[in-house]
Amino acid sequence: MAFRNNTPILGLLSLPFPLLLFLVTTTPQHAIISAVIAATTTTTTTSTDNSGVHFDVIKKIVPDIPSFREAPEFRNGDTCNQDRIHISMTLDSNYLRGTMAAVLSILQHSACPENVEFHFLWSRFEPQVFFSIKSTFPYLKFKIYRFEANRVRGKISKSIRQALDQPLNYARIYLSDILPGYVKRVIYLDSDIVVVDDIAKLWEVDLEGKVLAAPEYCHANFTEYFTDLFWNDPVLSKTFEGRKPCYFNTGVMVMDVDQWREGKYTQKVEEWMAVQKQKRIYHLGSLPPFLLVLAGELKSVDHRWNQHGLGGDNLEGKCRSLHPGPISLLHWSGKGKPWLRLDSRKPCTVDHLWAPYDLYRPNIHHFEE
């Protein structure tokens, strides 16, 4: 049996406490099997057998992971087929509260929540994060994959916000390399969203032969996403010739995984990241190289599927109000996150739309005060 470089973690062993969680990865030389034990002390024991397999047993101090209430199990539809809906999100302890709310919102509003399968990407092995998901959503269909941060560490350029420079923000570029072969299409979502509509409606969008689908915002000043050096360069400035480029947010995307792989889009994005390392052609993180490759070349989706910018102004963190029109997905992109503002007792008005999906325990939001 052959393993991919990003073998998923499929579940917990049925063992008494302390719980054992096995993560299997491969290198060209040997397989590494790590057993991680949740305990109160930290020790490491390593042994090697004649086959070259290394066994690392690590007793870890339980990290400061938020505690969550168990979510109800939803059964919303009368007739559901077996067609899976694949959703990918990154997984980080700093954004875990947002991830939990996002998952709850998707399941709650899905006609067939049992058809939804989640594919989480993490760069740090945090077993308590895994335990939190299992205990909060014991019925959830999900897998976790290791994203090697070193793959992009040397390719990342400094941006206007340190949060945008984290390697995990670039994991979406490598979905076609990470996800298993049976995933032909995937919805990628950021962790600071809630869905208030049936996610199947977004899943079923007709890509019309395009590799990517996302809401486009053609009223935005596209030139602002790139520096004067880019626009004044006679070669670089011709990048969008023959295209009608519009801004799109990479926090909500539908991807044809096979077509992305076959079209070598990962390499195309990386090539622009290499240009950025040599010349300062943009200020943001992983978004501009996506725009350079795909702006004007993707399938446009209704704006209701990404009511973005609710995090506020990236520099000053000012509150934003909702745009007019129907809403299927709320996105707190920007500097401010709703759980932080709610805890500080200084929420924006839109943060109260996120609060009903907050599974954090104890729930400390007292709006009546």
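Looking for something modelled with pLDDT under 95, over 20 Å from Phe248 (Cα atoms) and out of contact with any Cys (no Cβ under 7 Å at 6 or more places or on another chain) - is there at least one such residue anywhere in region 193-208? Step through it out loud before you land on a result.
Of all residues in region 193-208, those modelled with pLDDT under 95 come to none.
No.
Which residues, counting only those in region 109-139, are within 15 Å of Arg84 (Cβ to Cβ), open to solvent by less than 20 Å² (accessible area, probe 1.4 Å) and not β-branched (Val, Ile, Thr)?
Ser110, Pro113, Asn115, Glu117, Phe118, His119
Can you report the number of residues in region 251-272 which are assigned to a helix (DSSP H, G or I), touching a residue at least 40 places away in the same chain (Cβ under 8 Å) and not basic (Lys, Arg)? Reasoning before the result, please.
Residues of region 251-272 assigned to a helix (DSSP H, G or I): 257-262, 265-272.
Retained after the next criterion (residues that are touching a residue at least 40 places away in the same chain (Cβ under 8 Å)): 257-261, 265-266, 269-270.
Among the residues that remain, those that are also not basic (Lys, Arg) are: 257-260, 265-266, 269-270.
Qualifying residue count for the region: 8.
Can you tell me which residue in region 303-340 is surrounded by the most Cβ atoms within 10 Å (Cβ to Cβ), limited to those that are in contact with a helix residue (DSSP H, G or I) (Cβ under 7 Å, 6 or more places away or on another chain) and within 29 Å of Tyr265 (Cβ to Cβ)?
Among those that are in contact with a helix residue (DSSP H, G or I) (Cβ under 7 Å, 6 or more places away or on another chain) and within 29 Å of Tyr265 (Cβ to Cβ), it is Trp332.
For region 56-76, state whether one or more residues are part of a loop (DSSP other than H, G, I, E, B), modelled with pLDDT of 50 or more, among the aromatic types (Phe, Trp, Tyr) and surrounded by 15 or more Cβ atoms within 10 Å (Cβ to Cβ). It would help to see each step written out before you state the result.
Just the residues of region 56-76 that are part of a loop (DSSP other than H, G, I, E, B), to begin with: 62-66, 69-76.
Checking which are modelled with pLDDT of 50 or more leaves us with 63-66, 69-76.
With among the aromatic types (Phe, Trp, Tyr) added as a condition, the list becomes 74.
When the remaining residues are screened for being surrounded by 15 or more Cβ atoms within 10 Å (Cβ to Cβ), the result is 74.
Within region 56-76, one or more residues are part of a loop (DSSP other than H, G, I, E, B), modelled with pLDDT of 50 or more, among the aromatic types (Phe, Trp, Tyr) and surrounded by 15 or more Cβ atoms within 10 Å (Cβ to Cβ).
When you look at Leu294, is it of a type in the set (A, V, I, L, M) and in contact with a Leu (Cβ under 6 Å, 6 or more places away or on another chain), yes or no?
yes
Out of the residues in region 277-302 meeting the condition of being within 20 Å of the chain's Cα centre (by Cα) and farther than 17 Å from Met255 by Cα, tell me which one is surrounded by the fewest Cβ atoms within 10 Å (Cβ to Cβ).
The qualifying residue surrounded by the fewest Cβ atoms within 10 Å (Cβ to Cβ) is Leu284.
Quick check: is even one residue across region 82-97 surrounded by fewer than 19 Cβ atoms within 10 Å (Cβ to Cβ) and without any contact (Cβ under 8 Å) to a residue 24 or more places away in the chain? Show your work before the answer.
Let us first name the residues in region 82-97 that are surrounded by fewer than 19 Cβ atoms within 10 Å (Cβ to Cβ), namely 82-84, 93-94.
Add one more test, that the residue is without any contact (Cβ under 8 Å) to a residue 24 or more places away in the chain, and what stays is 94.
Taking every residue of region 82-97 in turn, at least one turns out to be surrounded by fewer than 19 Cβ atoms within 10 Å (Cβ to Cβ) and without any contact (Cβ under 8 Å) to a residue 24 or more places away in the chain.
Just to be sure before I move on: is Asp198 under 14 Å from His86 (Cα atoms) and either in contact (Cβ under 8 Å) with a residue 40 or more places away in the chain or among the aromatic types (Phe, Trp, Tyr) (or both) in the structure I sent?
Considered against the rule, which asks whether it is under 14 Å from His86 (Cα atoms) and either in contact (Cβ under 8 Å) with a residue 40 or more places away in the chain or among the aromatic types (Phe, Trp, Tyr) (or both), Asp198 comes out as yes.
The values are calculated or read from the model by the stated rules, or taken from the named source; none is laboratory data. Bear in mind the structure is a predicted one, so any value in this text is a computation, not a measurement. Note that each Cβ is placed from the backbone with ideal geometry, even for glycine, and that neighbours are counted across all protein chains shown. Areas reflect the complete protein model, heavy atoms only, side chains present, ligands, DNA and RNA absent. Shrake-Rupley method; radii C 1.70, N 1.55, O 1.52, S 1.80 Å.
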